[in-house]
Amino acid sequence: MTSDLSRRYFLKVLAVGAATSAGALSACSGNNSGGQAEAFGDVTAGNISALLVGQVKAVPGAPVFVGRDAGGVYAMTTTCTHQGCDLATGVSSSQQAITCPCHNSVFSFNGDVETGPASTPLEHFKVDIATDGTITVHGGATVASSVRTAVS
Ligand code: FES
């Protein structure tokens, strides 16, 4: 009898623990990447005429931001380096910052961590600008965060 009660208690604890874990997991909409940048190939990211100096914009349909500063154009992942949530909706132009919707990490417009829990900056990717102004981001080619593609 004692072992039957112990077994039932054990199963009850197990069930509560599983429900709690599932709830905790569903609270974060991470991509299960563990904070690794989501992979993608070459993507078109609009025309340079629509990207102003000081702007960072999410590229529709791809896990990447394009940004422009005085040095030129750059691209960086929209995957939060903490637990992989999508940062695409977190851009604040007035604060020049990107806030993660999951645990409120804040990144600068160059992808540097300003506030944790994230501790790793956003990965940057190579950018080309065609003669007609079309921006292409090369998701398979990472670059240093200081790299810019000049606007001619
Ligand atoms: S996933 Fe935790 S702060 Fe972004």
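Worth pointing out:
- The Cα center of region 38-53 and the Cα center of region 71-110 differ in position by 16 Å.
- With semi-axes defined as the square roots of five times the eigenvalues of the C-alpha gyration tensor, the equivalent ellipsoid of region 42-143 measures 22, 14, 11 Å, largest first.
- Placing R0 at 25 angstrom, the Cβ-Cβ distance between residue 36 and residue 134 gives a FRET efficiency of 0.35 after rounding to 0.05.
- Summarising the label geometry, the points placed 7 Å from Cα in the beta-carbon direction at residue 44 and residue 147 lie 2.3 nm from one another.
- Region 32-72: C-alpha pair distances exceeding 14 Å, %: 52
- Peptides 76-86, 99-109, 45-55, ordered by how many other C-beta atoms sit within 10 Å of their residues on average, highest first, read 76-86, 99-109, 45-55.
- Counted charge near residue 90, where neighbours are those whose Cβ lies closer than 13 Å (Asp, Glu -1; Lys, Arg +1): -1
- Summed residue charge, Cβ within 13 Å of residue 79's Cβ, Lys/Arg positive, Asp/Glu negative: -3
- Prolate/oblate/rounded label for region 100-152 (Cα gyration tensor, a/c 1.5): prolate
Laboratory data are not the source of any read-out in this text; all were calculated from the coordinates shown. Remember, predicted model here, so these are calculated numbers, not experimental data. Glycine gets a Cβ as well: all are built from the backbone with ideal geometry, and neighbour counts include every protein chain shown.
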